[in-house]
Structures are given as structure tokens and as C-alpha cells.
1. Restricting attention to the chain, which chymotrypsin sites (Phe, Trp or Tyr not before Pro) occupy a DSSP loop and are surrounded by at most 12 other Cβ atoms within 10 Å?
2. May I ask you to derive the FRET efficiency for N37 and L57 from their Cβ-Cβ distance with R0 = 35 Å, giving the value to the nearest 0.05?
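What follows is calculated from the coordinates using simple rules that are stated; it is not laboratory data. Quantities reported herein were computed from a predicted structural model and do not represent experimental measurements. Reconstructed Cβ throughout: ideal geometry from the backbone, glycine too, with neighbour counts over all protein chains shown.
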Amino acid sequence: MNIEIPKKSLWQYLDKSMLDDEGQLTDEQWQEFLNKNNDHFASECSYIGRELFEDFLGELEAKESEGK
């Protein structure tokens with residue numbers, strides 16, 4: 001599987017081997033897990049990305065204030 005990720009982006013993906021390293025789920029169960037959680041995972045990643053961005057903006061503003 002080839003995934004093209006834009007160079008100027010945050011991204012995260014987790015395949016089965018990263019989470020189910022002990023092989024507890026069948027491929028069918030893994031697909032069920034993905035179907036159930038994919039949207040929520042994407043939303044949480046977006047939320048975390050937004051938080052990190054806002055924190056970074058705050059850090060930049062603090063640095064600019066110190067420099068004045």
C-alpha cells in the first residue's frame with residue numbers, strides 16, 4: 001500500500017501490527033474495529049492538531065512579546 005502524504009502536513013495512521021502486536025484480532029475483527037472507530041480517530045487527531053497549532057501560536061506570540 002502506497003500512501004501519498006503531502007510534505008507540509010501532520011498525519012498519523014496506525015495499522016494492525018502497531019496496535020495488535022500480539023495478534024489478538026482476526027482480520028475481520030480488525031476491519032470491524034476500523035469501521036467502528038475510523039471517524040472518531042480522525043476527529044480526535046484533528047482536535048489534537050488544532051490544540052497543538054493554537055499552543056504554537058501562543059508560544060510565537062510570547063516570544064514576540066519578549067523581544068519587544
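1. On the way: sites: W11, Y13, W30, F33, F41, Y47, F53, F56; in loops: W11, Y13.
Qualifying residues, ordered by number: W11, Y13.
2. Working: r = 30 Å, r/R0 = 0.85.
Efficiency, rounded to the nearest 0.05: 0.75.
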